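Here's the structure, in structure tokens; my notes come after.
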Amino acid sequence: MASDAAQIFRPGQRLLALLGDLRLAIGLLLLIALASALGTALPQNEPAGAYHDHYDAQPWLGLLTAGPILALHLDHVYSSGWFLALLALLATSLTTCSIRRQWPALRSGLQWTDHQHPHQLSKYSIGITREAGPQSLQHLAQLLQRRGWKVQQKTGRLAARKGVIAGRSGPLLVHVGLIVLMTGAAWGALGGQRLERFLAPGRSLDLVDRQGETRLSIRLQDFSVDRDARGQARQFHSQLLFSAPAMATARHVDISVNHPARMGGVTVYQADWQVAALTVQLGRSPQLQFPLQPLPSLGEQVWGLALPTRPEGSHPVLHNVASAQGPVLV
């Protein structure tokens, strides 16, 4: 019976050893980092038609067209099943390692090792022998305590240690932090909501709850671009006005790239920008404003529109612009 039980339990031990192996955790971290790089390089959560329009003619890195991108769920990496499975497997590996190795190491670090005989000290690589009496031991204990050591005194001997708890608890805290981070990422990917909208200065966006009531109103008051001496964009700034029924007064917040605003459980990022409209005035005519549309066939950040030159709407002329500073190409 004992032999059969050992044979049945051995595969479980091997599985736990594999899950708690550091090499498995490192490999999973590398895969997650590679997947995150793909999610950063490829546009996420776009309509399927946008991927066909952009990558069928020009495959990504010359390898992937829209078909493989959509089939592998690379259009929504962070909420895909395989990415969440990698997070779950890494969390399981870290939990197993923490329970099997880090927690016992921390418990052993909390316990004092009481050496009662001189020969027990021979296992240490560094050691020295000195004759000491009770007064010398008391003086040594006081000196060590003043220098930040924890001291345990017993009759005729003392033990001292420093930094053991921090050293043993550090890996465990790192594992717990990573598990909490991955749990939050999975929760946000499955239970969170993501919305991307372009707002022109003076326009607002209302976020409503399931009952159709406005939860938060976001108004774009102004938008600006920081440029270097060559005119290249360095940073984008948006001045927002938050208002909600639960807020006594509206709140002004400035956001920029990598500096979001958090309000009432909602995080607002400066994600992108575009030229919204073209204002045209011919002679002394009134100013006419025409909305612009992206023109991906001409470039990544090119906007334009076709204006007819005849009263019946024929003979259109294409106007396009690649910068808020112009020029407008006709």
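The values are calculated or read from the model by the stated rules, or taken from the named source; none is laboratory data. In this text the structure is predicted, and so the values were computed from the model without any measurement. Note that each Cβ is placed from the backbone with ideal geometry, even for glycine, and that neighbours are counted across all protein chains shown. Heads up: the accessible areas ignore ligands, DNA and RNA and are worked out on the full protein's heavy atoms, side chains in. Shrake-Rupley method; radii C 1.70, N 1.55, O 1.52, S 1.80 Å.
One table, with the values for the structure above:
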quantity: Residues (at pLDDT 85 or above, hydrophobic (A, V, I, L, M, F, W, C) and under 11 Å from Q221 (Cβ atoms)) located in region 243-264; calculated: V253
quantity: Unique residue being open to solvent by 80 Å² or more (accessible area, probe 1.4 Å), at pLDDT below 80 and touching a strand residue (DSSP E or B) at 6+ places or on another chain (Cβ under 9 Å) when the list is R230, R197; calculated: R197
quantity: Selection status of T96, over 22 Å from the mean Cα position of the chain (by Cα) and surrounded by 12 or more Cβ atoms within 10 Å (Cβ to Cβ); calculated: yes
quantity: Extreme residue, surrounded by the fewest Cβ atoms within 10 Å (Cβ to Cβ), among residues of region 119-143 that are under 17 Å from T155 (Cβ atoms) and of a type in the set (G, A, S); calculated: G133
quantity: Positions within region 108-155 being modelled with pLDDT of 75 or more and in contact with a Gly (Cβ under 8 Å, 6 or more places away or on another chain), in sequence order; calculated: L137
quantity: Pair list, Cβ < 7 Å and 6+ apart or interchain, from region 25-41 residues that are farther than 28 Å from S98 by Cα and open to solvent by less than 60 Å² (accessible area, probe 1.4 Å) to residues that are in a helix (DSSP H, G or I) and of a type outside the set (K, R); calculated: L38/L74; L38/V77; G39/V77; G39/Y78
quantity: Residue match in region 79-92 (condition: farther than 30 Å from G177 by Cα and either touching a residue at least 40 places away in the same chain (Cβ under 8 Å) or surrounded by 14 or more Cβ atoms within 10 Å (Cβ to Cβ) (or both)); calculated: no
quantity: Per-region count, region 298-324, residues part of a loop (DSSP other than H, G, I, E, B) and under 33 Å from the mean Cα position of the chain (by Cα); calculated: 8
quantity: Residues located in region 160-172, provided they are surrounded by fewer than 14 Cβ atoms within 10 Å (Cβ to Cβ) and either of a type outside the set (A, V, I, L, M, F, W, C) or at pLDDT 75 or above (or both); calculated: K162, G163, G167, G170
quantity: Of residues in region 277-291 being touching a strand residue (DSSP E or B) at 6+ places or on another chain (Cβ under 7 Å) and among the hydrophobic types (A, V, I, L, M, F, W, C), the one most open to solvent (accessible area, probe 1.4 Å); calculated: L288
quantity: Which listed residue is among the basic types (K, R), in contact with a Leu (Cβ under 9 Å, 6 or more places away or on another chain) and in a strand (DSSP E or B), from R215, R262; calculated: R215
quantity: Check on L61, without any contact (Cβ under 8 Å) to a residue 12 or more places away in the chain, on the phi > 0 side of the Ramachandran plot and hydrophobic (A, V, I, L, M, F, W, C); calculated: yes
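Conditions tested, residue by residue: (1) within 18 Å of L199 (Cα to Cα); (2) part of a loop (DSSP other than H, G, I, E, B).
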| position | (1), (2) |
| --- | --- |
| Q235 | yes, no |
| S238 | yes, no |
| P245 | no, yes |
| T249 | no, yes |
| D254 | yes, no |
| T267 | yes, no |
| Q274 | yes, yes |
